[in-house]
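Heads up: the structure comes next, in structure tokens.
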Amino acid sequence: MSRTPLLVTGAAGFIGTRFLDSLRERGLPFLAADHPGHFRSRPEHAPVDEARILDREGLPERLRRERPALAGIVHLGACTDTTELDEAFLRRVNLEYSVELFRFATEAGIPFIYASSAATYGDGRFGYDDDAALTPKLEPLNPYGRSKLEFDLFALGCEARGRTPPRWAGFRFFNVYGFGERHKGRMASVVLHAFDQIRATGRVRLFRSHRPGIADGHQCRDFVFVDDVVDVLHFALQEPSVRGIFNLGTGRARTFLDLAHASFAALGAEPEIEFIDTPPAIRERYQYFTEARMERLRAAGYTKPFTPLEDGVARTVAHLLEAAG
């Protein structure tokens, strides 16, 4: 087993923390890059030895200066706020920072795995197919989605020119949920908000549909459990045939009503749902349907089944109850 560490950015985030847990379980060494204070201020996350923490500020410059031996980079760090409208900030944090890490991995000759987003698909008018030829046609609905798409296009351009890390893959995360999201606040998944609302009021609030032909609560997402995301990341690190940009969902869209009912069931409560207007600020950019096409990842050799929504919600709620004491 190699003792060369894997560098994980966004390591104090939701998915990053669960990925660190998986590295600990496998006995694999790592360096954790993020804002150092985040590792101390998030009680749902296991502590990280300070010797393993790298400040995300100035990280690309530090890597170029020190040239540490790394087994690879798993780049999960980004601004994930889909309501962020500061395009200069998103360009700096989501695009330029990623470009620098990708170039370092290329120069160092190490694998580079990164988080893209289903937000790149916009309203889905071109479908949810991860064929690289379709990527330039995509039209995200918000600046966040555009920043993630721009890096996808950069990586594909490098692939066309033969200037990439020896192994690289980007994953378009669909709606990831699981334990450890509380620090995300309003951007946390509906599973966490449902858990809090049911325990506080006995009911769940969902956005009303503002689109003809779609009933309230029947807006659909491809909800994917965080443990499945972690498994796919490990697969990508181990499987040379995984190269390019891939969807990471379950391949099956479910309604927000399904998710709410699963949350009530996990808490042993009777469903009570209140519908509220979607805020005008996001109404025009709201996705009413997402569903990942998973054929390419399956063709690359990933055969493990994805966790059913009801099972993933039950496991998430069990962790939340344990954390709440």
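Averaging the sequence gap over all C-alpha pairs within less than 8 Å and six or more residues apart, then dividing by the number of residues, gives segment 1-80 a relative contact order of 44 percent. Give me the distance in nm between label points sitting 7 Å out from Cα along the Cα-to-Cβ direction at Glu107 and Glu25, one decimal. Roughly 3.6 nm, to one decimal. If you line up the long axis of helix 256-266 against the longest principal axis of the chain, both from Cα atoms, how many degrees apart are they, to the nearest 10? Once rounded, one gets 80 degrees. On a 0 to 90° scale, report how tilted helix 190-201 is relative to the longest principal axis of the chain, with both axes built from alpha carbons and the result rounded to the nearest 10. The answer is roughly 40 degrees.
For the pair Asp216 and Asp231 in one chain, pulling the backbone fully straight at 0.36 nm per residue adds 2.0 nm over the alpha carbon distance. Considering only the Cα atoms of segment 210-325, their convex hull presents on average a projected area of 9.7 nm². The gain in end-to-end length when the Arg40 to Arg252 segment is fully stretched comes to 72.7 nm, 0.36 nm per residue minus the alpha carbon separation. If R0 is taken as 22 Å, the Cβ-Cβ distance between Arg125 and Arg283 corresponds to a FRET efficiency of 0.80. Applying both filters, DSSP loop and at most 15 other Cβ atoms within 10 Å, to the trypsin sites (Lys or Arg not before Pro) of segment 173-254 gives Arg208, Arg252. Relative contact order of segment 211-325: 41 percent, from C-alpha pairs under 8 Å at least 6 residues apart in sequence. Compared with the dominant Cα axis of the chain, that is its longest principal axis, helix 309-324 is turned about 80°.
On full extension, the segment bounded by Glu272 and Ala314 gains 13.3 nm, given 0.36 nm per residue less the C-alpha separation.
Once divided by 2.2 N^0.38 Å, the Cα radius of gyration of segment 270-325 becomes 1.72. Packing order of peptides 5-16, 43-54, highest average first: 5-16, 43-54 (average count of other Cβ atoms within 10 Å over each peptide's residues). log10 I(q)/I(0), Debye, Cα-only the chain, no solvent, q = 0.08 Å⁻¹? Debye output, listed in q order: -0.36.
Compare the Cα positions of His218, Gly72, Ile198 along the charge dipole of the chain (+1 at Cβ of Lys, Arg; -1 at Cβ of Asp, Glu; about the Cα centre) and return the one farthest towards the positive end. Checking the options against the dipole of the chain, the answer is Gly72.
Where a number appears in this text, it was derived from the coordinates with a stated rule and is not lab data. In this text the structure is predicted, and so the values were computed from the model without any measurement. Quick reminder, even Gly has a Cβ in these numbers, built from the backbone with ideal geometry, and neighbours come from all protein chains shown.
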